[in-house]
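Laboratory data are not the source of any read-out in this text; all were calculated from the coordinates shown. Keep in mind that this is a model prediction, so the values were computed, not measured. Note that we place each Cβ from the backbone using ideal geometry, even for glycine, and neighbour counts take in every protein chain shown.
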Amino acid sequence: MAYYPPEEVELDLTRASLAAYQWGDRMMTFHHCQTCGCSVFSDAPAWTTDEGEDRPARLILNARLFDDFHLEAVPVRNLNRRND
């Protein structure tokens, strides 16, 4: 997934080809292709954490749908949270 401020993203698709759903606290909206079911993007509004930290609005894109995307070029950091 790739995270961007919404104003930096221009989607080249018709929203009519997408289906949207929300779950849990309904803070995010998930959009997927109505034909194949592939996750396309999610959007999340700006919010403030319980600790008072402001989080900006963001658009979360499925990077595998980018033109010329090469997974092997993406740096990966493996975390083992069991032993923290």
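Between Glu72 and Ser17, residue separation times 0.36 nm minus the direct Cα-Cα distance comes to 16.8 nm.
What longest range of the chain stays clear of loop-exposed trypsin sites (Lys or Arg not before Pro) (DSSP non-H/G/I/E/B, at most 12 other C-beta within 10 angstrom)? That would be 27-76. Shown here is the pair-distance distribution of the chain: with all Cα-Cα distances grouped in 5 Å bins from zero up to the longest one, the shares run 3, 11, 17, 20, 18, 17, 9, 4, 1, 0 percent. Taken about its Cα centre, the chain carries a charge dipole of roughly 420 debye when the Cβ of each Lys and Arg holds +1 and the Cβ of each Asp and Glu holds -1.
In plain terms, the chain is cut at each of the chymotrypsin sites (Phe, Trp or Tyr not before Pro) found in a DSSP loop with at most 13 other Cβ atoms within 10 Å, and the longest leftover piece is 24-65. The phi-based Karplus calculation (6.51 cos²θ - 1.76 cosθ + 1.60; θ = phi - 60°) puts the 3J(HN,Hα) values of region 23-30 at 8, x, 7, 6, 7, 10, 10, 9 Hz, whole numbers, x for Gly and Pro.
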